[in-house]
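Working notes, beginning with the structure itself.
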Amino acid sequence: MTDPVVTWTPDCYGLAVAQMRAEGRAVDDELLAHISPAHSENADLFGTITVEIATELAELAPAGYRPLRPHRQAQP
């Protein structure tokens with residue numbers, strides 16, 4: 001399960017960074033240089049993942065990716 005996560009994560013990061021920059025948000029390249037897909041806390045590498053293929057495919061955008069979740073501002 002590690003290989004798909006390490007392969008997909010940089011792609012997803014790239015989409016997120018591109019969207020953030022398109023929205024006018026500053027994303028520092030120096031910060032991005034320290035991000036590693038191999039050390040991602042957003043993936044459970046030891047659990048079981050159940051995927052409803054038809055549901056997931058129905059949510060794909062024309063480019064073949066799921067839409068990114070909208071940015072939520074931190075609550076003060």
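The values are calculated or read from the model by the stated rules, or taken from the named source; none is laboratory data. In this text, all values refer to a predicted model and were calculated from it rather than measured experimentally. All Cβ positions, even for glycine, are placed from backbone atoms using ideal geometry, and neighbour counts span all protein chains on display.
Checking Thr50 against (1) at pLDDT 75 or above; (2) surrounded by 10 or more Cβ atoms within 10 Å (Cβ to Cβ), which test does it fail? In the conditions (1) at pLDDT 75 or above; (2) surrounded by 10 or more Cβ atoms within 10 Å (Cβ to Cβ), Thr50 misses (2) alone. Cβ-Cβ contacts under 6 Å between residues 6 or more apart (or on different chains), taken from a first residue in segment 1-29 that is at pLDDT 90 or above to a second residue that is assigned to a helix (DSSP H, G or I) and surrounded by 11 or more Cβ atoms within 10 Å (Cβ to Cβ), are listed as Val27/Val17; Val27/Met20; Val27/Arg21.
For segment 13-30, the set of residues classified as assigned to a helix (DSSP H, G or I) and exposed (fewer than 10 other Cβ atoms within 10 Å of the Cβ) consists of Ala22, Asp29, Glu30, listed by residue number.
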